[in-house]
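What follows is a short report on a single structure.
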Amino acid sequence: MKFALDATYSVGDHLSGVGVYSREILYGLAAMPEARDARWLWCYRPHRFLRSVRESLPRGCSRRLLRNHSPRAALFHGLNQRLPGGRLPRAVATFHDLFVLTGDYSSPDFRRRFAAQAREAASRADLVIAVSEFTASQVEGLLHVPRSRIRVVAHGVRTLRNAPDKAPERVVLSVGALQKRKNTARLVEAFEGLPGGWKLVLAGSSGYGAEEALRRVEQSPRRADIEVTGYVDDQELARQYARASLFAFPSLDEGFGMPVLDAMARGVPVVASNRSALREVCGDAALLVNPEEVDEIRQSMKRLMEEEPLREELIAKGKQRAAQFRWEEAVRKTWQVYQELTGA
């Protein structure tokens with residue numbers, strides 16, 4: 001039986017969270033013993049098709065150009081809340097977040113295009129995969145998809161190879177694109193009131209609203225203590241996690257929040273926002289704060305700097321929490337969705 005998946009976002013030098021998800025699902029399904037008789041069509045939109053040719057595909061997989069119609073298959077899976085036009089076989093669409101519809105976190109043009117694609121995918125998909133209960137509630141409430149058509153399949157924790165074995169430094173790390181939604185400007189303001197001798201490392205590419213965040217960094221009285229790395233590859237990201245004594249993620253809106261689990265898995269205690277999917281993902285393994293209250297962000301970071309028993313408690317809870325999120329489980333549940341629709 002053939003299954004077609006939109007692999008567009010799995011290629012590129014600077015993979016986003018959607019790109020990481022796409023690669024984990026694509027390669028995980030291809031290696032899954034239960035699906036050994038399946039044939040996989042990895043479909044790429046024109047702007048990524050030629051780049052995809054550089055990569056060899058696993059056994060049982062072949063490459064297709066994705067234009068306006070799905071190739072012939074028993075099922076098509078849109079890995080980023082988007083489906084091709086034309087007649088579809090059974091269809092699944094994964095929804096990662098809907099922050100574009102709920103806040104001023106993107107340009108008006110992008111918001112219009114995203115909204116149209118999301119509404120079309122939600123209406124045409126036989127089943128929707130949501131990456132968290134929070135996102136599932138948004139798909140149901142904002143896109144009017146019945147809960148009976150939604151399946152929650154959480155993300156997993158990445159394996160970052162070549163992590164150095166070294167003692168942490170006095171570093172507060174935040175990982176994610178510099179953009180308005182990530183609340184970077186307030187994080188910088190909160191950091192300014194922390195004890196001297198600490199550094200703030202902001203690791204991530206620039207996104208919508210990055211100018212405000214970068215301006216706040218440049219004007220900061222602690223500018224010499226703030227590192228802005230830009231996008232970092234997995235090896236450099238592993239080095240940054242190894243340096244960090246504290247991880248701060250006061251995002252205003254997340255459909256999941258992979259970086260908090262990555263930090264927990266590597267023994268870095270976490271301060272995170274108490275809203276969107278982060279409360280669900282973090283559980284009791286982080287200090288949760290109101291992301292719009294700078295003093296609350298600051299005081300929580302200060303507690304983790306000064307209270308060693310609290311640090312040790314959150315490190316232990318964080319490792320236990322992160323261990324509950326495995327990509328193997330995400331792949332298995334995705335295959336179950338396919339079976340539900342096709343009887344494969």
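The values are calculated or read from the model by the stated rules, or taken from the named source; none is laboratory data. Small disclaimer: the values here were computed from a predicted structure and weren't measured. For neighbour counting, all protein chains shown are included, and Cβ atoms are generated from backbone atoms with ideal geometry for every residue, glycine included.
Would you confirm, using the coordinates I've provided, whether GLU140 is more than 18 Å from LEU261 (Cβ to Cβ), in contact (Cβ under 8 Å) with a residue 40 or more places away in the chain and either of a type outside the set (Gly, Ala, Ser) or in contact with a His (Cβ under 6 Å, 6 or more places away or on another chain) (or both)? Spelling it out, it is not the case that GLU140 is more than 18 Å from LEU261 (Cβ to Cβ), in contact (Cβ under 8 Å) with a residue 40 or more places away in the chain and either of a type outside the set (Gly, Ala, Ser) or in contact with a His (Cβ under 6 Å, 6 or more places away or on another chain) (or both).
Residue pairs whose Cβ atoms lie under 6 Å apart, sitting 6 or more positions apart in sequence or on different chains, and linking a residue in the stretch 322-344 that is in contact (Cβ under 8 Å) with a residue 60 or more places away in the chain to a partner that is acidic (Asp, Glu), are TRP327/GLU24; LEU341/ASP126. A single entry from ARG215, ARG186 fulfils the requirement of being over 26 Å from ALA136 (Cα atoms), among the basic types (Lys, Arg) and surrounded by 19 or more Cβ atoms within 10 Å (Cβ to Cβ): ARG186. When restricted to residues that are assigned to a loop (DSSP other than H, G, I, E, B), at pLDDT 95 or above and either farther than 21 Å from LYS319 by Cα or β-branched (Val, Ile, Thr) (or both), the stretch 220-250 contains 3. You will find that of ASP284, ASP253, ASP262, the residue that is in the same structural domain as GLY209 (by TED's automatic domain parsing) and in a helix (DSSP H, G or I) is ASP262 and no other. Among all residues of the stretch 147-158, there is at least one that is more than 17 Å from SER273 (Cβ to Cβ), of a type in the set (Val, Ile, Thr) and either assigned by TED's automatic domain parsing to the domain that holds GLU308 or in contact (Cβ under 8 Å) with a residue 24 or more places away in the chain (or both). Checked against the criterion of being in contact with a helix residue (DSSP H, G or I) (Cβ under 6 Å, 6 or more places away or on another chain) and not assigned by TED's automatic domain parsing to the domain that holds ASP104, the candidates GLU211, GLU189 yield just one match: GLU189. Screening ARG23, ARG54 for residues that are within 19 Å of ALA154 (Cα to Cα), assigned by TED's automatic domain parsing to the domain that holds ALA93 and either in a loop (DSSP other than H, G, I, E, B) or without any contact (Cβ under 8 Å) to a residue 40 or more places away in the chain (or both) leaves exactly one candidate, ARG23.
Yes/no per residue for (1) touching a Lys or Arg at 6+ places or on another chain (Cβ under 9 Å); (2) surrounded by fewer than 21 Cβ atoms within 10 Å (Cβ to Cβ); (3) modelled with pLDDT of 90 or more; (4) under 30 Å from PRO269 (Cβ atoms):
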| residue | (1), (2), (3), (4) |
| --- | --- |
| ARG90 | no, yes, yes, no |
| PHE99 | yes, yes, no, yes |
| TYR105 | yes, yes, no, yes |
| PRO108 | no, yes, no, no |
| ALA125 | yes, no, yes, no |
| SER148 | no, yes, yes, no |
| LEU160 | yes, yes, no, yes |
| ARG170 | yes, yes, yes, yes |
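Screening LYS180 with (1) surrounded by 17 or more Cβ atoms within 10 Å (Cβ to Cβ); (2) among the basic types (Lys, Arg); (3) free of Cβ contacts under 8 Å to residues at least 24 places away in the same chain gives one miss only, at (3).
Do we find that ARG266 is more than 25 Å from PHE99 (Cβ to Cβ) and touching a residue at least 60 places away in the same chain (Cβ under 8 Å) in this structure? For ARG266, the condition - more than 25 Å from PHE99 (Cβ to Cβ) and touching a residue at least 60 places away in the same chain (Cβ under 8 Å) - is met. Given the condition buried (at least 22 other Cβ atoms within 10 Å of the Cβ), farther than 17 Å from ARG158 by Cβ, touching a residue at least 12 places away in the same chain (Cβ under 8 Å) and polar (S, T, N, Q), answer yes or no: does some residue in the stretch 239-250 qualify? Among the residues of the stretch 239-250, not one is buried (at least 22 other Cβ atoms within 10 Å of the Cβ), farther than 17 Å from ARG158 by Cβ, touching a residue at least 12 places away in the same chain (Cβ under 8 Å) and polar (S, T, N, Q), which makes the answer no.
Residue by residue, here is whether (1) in a helix (DSSP H, G or I); (2) surrounded by 18 or more Cβ atoms within 10 Å (Cβ to Cβ) holds:
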{"residue": "SER276", "(1), (2)": "no, yes"}
{"residue": "GLU296", "(1), (2)": "yes, yes"}
{"residue": "LYS302", "(1), (2)": "yes, no"}
{"residue": "PRO309", "(1), (2)": "yes, no"}
{"residue": "LEU314", "(1), (2)": "yes, yes"}
{"residue": "LYS317", "(1), (2)": "yes, yes"}
{"residue": "GLU328", "(1), (2)": "yes, no"}
{"residue": "TRP335", "(1), (2)": "yes, yes"}
{"residue": "TYR338", "(1), (2)": "yes, yes"}
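Cβ separations smaller than 7 Å between residues 6+ apart or across chains give the following pairs from the stretch 284-309 residues that are polar (S, T, N, Q) to residues that are assigned to a helix (DSSP H, G or I): ASN290/GLU296.
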